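The structure under discussion appears below in the form of structure tokens.
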Amino acid sequence: MTASIVGWAHTPFGKFDTETVESLVVRVATDALADAGISAGDVDEIVLGHFNAGFSPQDFTAALVLQADPALRFKPATRVENACATGSAAVHQGVRAIASGAAKIVLVVGVEQMTRTPGPEIGRNLLRASYLPEDGDTPGGFAGVFGKIAQAYFQKYGDQSDALAMIAAKNHKNGVANPYAQMRKDFGYEFCRSESEKNPFVAGPLKRTDCSLVSDGAAALVLTDSETAKTMGKAVNIRATAHAQDFLPMSKRDILQFEGCTVAWQRALQSAGVELSDLSFVETHDCFTVAELIEYEAMGLTPRGQGARAIKEGWTQKDGKLPINPSGGLKAKGHPIGATGVSMHVMSAMQLVGQAPEGMQIKNAKLGGIFNMGGAAVANYVTLLEPAK
């Protein structure tokens, strides 16, 4: 792969009444260019990841990035969207522009503003990332879809409530050290495991602590070719990328397999010539705790049906053999959809140059993996990153 990340920016994730999609985009675009030490006039292409689906009345948002600097006027700017993997779709689009020689410097921005939307409408918007002829009437919206997945997993492999609570507790504990995280509170295993007034069941066996947050936020990064990156102040090389798109209807596949996730991981690892065991950490898509559980299996960390072993034996803790979601993941960090994949790349790049916040840094991180998923394992993106030599 010929692309490198040479600068980045990240807003806190949360609920921001005074922000707009435009203000969030402008903020991170400006800060990412400054972080890279690149002027706006040097940018060859802009890619914006923005899901929207009704969250923002302002659509056609690619040109909003130009608001960051008059020198961005007339630059090619494209908005991409692939459900909850929108951010990684934008990053991969930028990587392809670099790899093809069409651009030397690409500005990638991911953004979403969700919290101004009324609750029931949020559910309807998110459900648009499922197959409506089959799932359009699912109670609880997208949480209901994953509630059904969790219920089917429990029926096949036994009650996994302990494992899901451990995953939630791990990610919330990790999120305490992340200044960008929406929820920086260590709830502990007992709170996450127990049903309560503050932690009710939401859908099937999933409780509130099993579900990612409704969020506002943005992230951005600057990509360039690896030769140019050698002249920059810092650089993280993109070792491999892979994208596997699966059928949208869950009825056309074994939904407990996350086969697209497996294919994407296999392609990326093979392309990089490495094994899963070579990774220092992974940022994975824990939109719901059951997703992280199944992803352990899909990435090859455990055999099918044994994902609980990875969390129960401490493998995925920050000091385990493969730390997963040291940032706190979507569970604690938040999930502003279009920003999530870009955020994962920013968090991972920070780890690999030793600039992760204190308490979040993985010691001697040499190779990072990212898995970002759209829908119920429909759009599957894997990126492998390493520090520039």
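The values are calculated or read from the model by the stated rules, or taken from the named source; none is laboratory data. Bear in mind that the values here come from a model prediction, so they are computed numbers and not experimental data. In this analysis, Cβ positions are derived from the backbone assuming ideal geometry, glycine residues included, and neighbour counts consider all displayed protein chains. Side chains included, ligands, DNA and RNA excluded: accessible areas come from the protein's heavy atoms. Shrake-Rupley method; radii C 1.70, N 1.55, O 1.52, S 1.80 Å.
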Of GLU292, GLU386, GLU195, ordered by accessible area with the largest first and a 1.4 Å probe, the sequence is GLU195, GLU386, GLU292
Taking Lys and Arg as +1 and Asp and Glu as -1, residues besides ASN237 with C-beta under 14 Å from its C-beta add up to +2
Of all DSSP beta bridges with both partners in the chain, the antiparallel percent, nearest 5, is 75 percent
Relative contact order as a percentage, the range 246-340, C-alpha pairs under 8 Å and 6+ apart, gives 27 percent
Filtered hits (lysines, Cα-Cα < 21 Å from LYS75, offset >= 8 within chain) -> LYS104
Phi-derived 3J(HN,Hα) across the range 243-252 with the Karplus relation (6.51, -1.76, 1.60, θ = phi - 60°), rounded Hz, x for Gly and Pro, is 9, 10, 9, 10, 4, 6, x, 5, 5, 8
Over the chain, the sum of -39500 (n - 2.57) across DSSP H runs of at least four, divided by residue number and rounded to 500 deg cm²/dmol, gives at 222 nm -10500 deg cm²/dmol
Per GNM of the chain with C-alpha springs under 10 angstrom, the most fluctuating residue out of GLU313, GLU295, GLU22 is GLU313
In the range 1-160 the accessible area split gives carbon plus sulfur, as whole percent at 1.4 Å, a share of 52 percent
With every protein chain kept in place and a 1.4 Å probe, the chain has an accessible area per residue in Å² of 37 Å²
Expected field for LEU66, accessible surface area in Å² at 1.4 Å probe radius, rounded to 10, holds 40 Å²
SASA check, TYR131, accessible area w/ 1.4 Å probe, all protein chains in place, rounded to nearest 10 Å², comes out at 70 Å²
Options (1) 66, 59, 44; (2) 56, 44, 39; (3) 63, 45, 39 are given for Cα extents along the principal axes in Å, and the computed one is (2)
The ³J(HN,Hα) series, computed from each phi in the range 13-23 with the Karplus coefficients 6.51, -1.76 and 1.60 at θ = phi - 60°, rounded to the nearest Hz and given as x for glycine or proline, is 9, x, 10, 10, 6, 9, 9, 10, 3, 4, 5
GNM on the chain, Cα springs under 10 Å; top mean-square fluctuation among ALA349, ALA339, ALA240 goes to ALA240
Any aspartates and glutamates whose Cα falls less than 14 Å from that of LYS198, other than same-chain ones fewer than 8 residues away, would be GLU190, ASP210
Flagged as over-length at 27 Å C-alpha distance, from LYS15/LYS366; LYS156/LYS207; LYS173/LYS366; LYS156/LYS366; LYS230/LYS366; LYS156/LYS185, the pairs are LYS15/LYS366; LYS156/LYS366; LYS156/LYS185
Counting every C-alpha pair in the range 37-135, the percent lying more than 16 Å apart is 60 percent
Expressed to one decimal in nm², the mean projection of the alpha carbon convex hull of the range 199-316 is 10.5 nm²
